[in-house]
Amino acid sequence: MRVANETGAEVTILNDPDAAADGVDAIYTDVWASMGQEDEIEERAAIFNDYQVDEEMMELADPGAYFLHCLPAHRGAEVSAGVMDGPQSIVYDNAENRLHVQKALLALLIR
């Protein structure tokens, strides 16, 4: 919120995934249960089931919208296979760019 205040940007917090996806340029998601939370997978899946990024959600976004995920992804859980492997998905480019940034940080830090 601080950055929004400083730049004049608008931040809107929504709990309705369809409203959040409406007209956006990108949809970014993450796994529902991270490493170390394996015992919570079923509970989290029940809570987040309505938040799965699927073809219907992507249709609500701008026609040129991208799908991003930090990987690894669970097809059929937080994202449908059709979106993950579809033409709007740039998850592998996203992961590759993250790799280069991480390598640059390591090179900077070990000098």
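The values are calculated or read from the model by the stated rules, or taken from the named source; none is laboratory data. This one's a predicted model, so the numbers in the text were calculated from it and none came from an experiment. Here Cβ is always computed from backbone atoms with ideal geometry, including for glycine, and neighbour counts include all displayed protein chains.
Tabulated values for the structure
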quantity: Scope the stretch 59-92; condition outside any loop (DSSP other than H, G, I, E, B) and under 12 Å from the mean Cα position of the chain (by Cα); matching residues; calculated: TYR66, PHE67, LEU68, HIS69, VAL79, VAL83, MET84, SER89, VAL91
quantity: Within the stretch 36-62, considering residues that are surrounded by 12 or more Cβ atoms within 10 Å (Cβ to Cβ) and of a type in the set (Val, Ile, Thr), the one nearest to ALA95 (Cα to Cα); calculated: VAL53
quantity: Qualifying residue in the stretch 27-35 (condition: in a loop (DSSP other than H, G, I, E, B), surrounded by 10 or more Cβ atoms within 10 Å (Cβ to Cβ), out of contact with any His (no Cβ under 7 Å at 6 or more places or on another chain) and modelled with pLDDT of 95 or more); calculated: no
quantity: All positions within the stretch 5-26 that are free of Cβ contacts under 8 Å to residues at least 40 places away in the same chain, in a helix (DSSP H, G or I) and within 28 Å of SER89 (Cα to Cα); calculated: ALA19, ALA20
quantity: The stretch 63-75: number of residues that are surrounded by 12 or more Cβ atoms within 10 Å (Cβ to Cβ) and without any contact (Cβ under 8 Å) to a residue 24 or more places away in the chain; calculated: 1
quantity: Evaluation of LEU68 against (1) under 16 Å from VAL91 (Cβ atoms); (2) touching a Leu at 6+ places or on another chain (Cβ under 6 Å) (one fails), failing number; calculated: (2)
quantity: Residue match in the stretch 40-48 (condition: farther than 29 Å from LEU99 by Cα and in contact with a helix residue (DSSP H, G or I) (Cβ under 9 Å, 6 or more places away or on another chain)); calculated: no
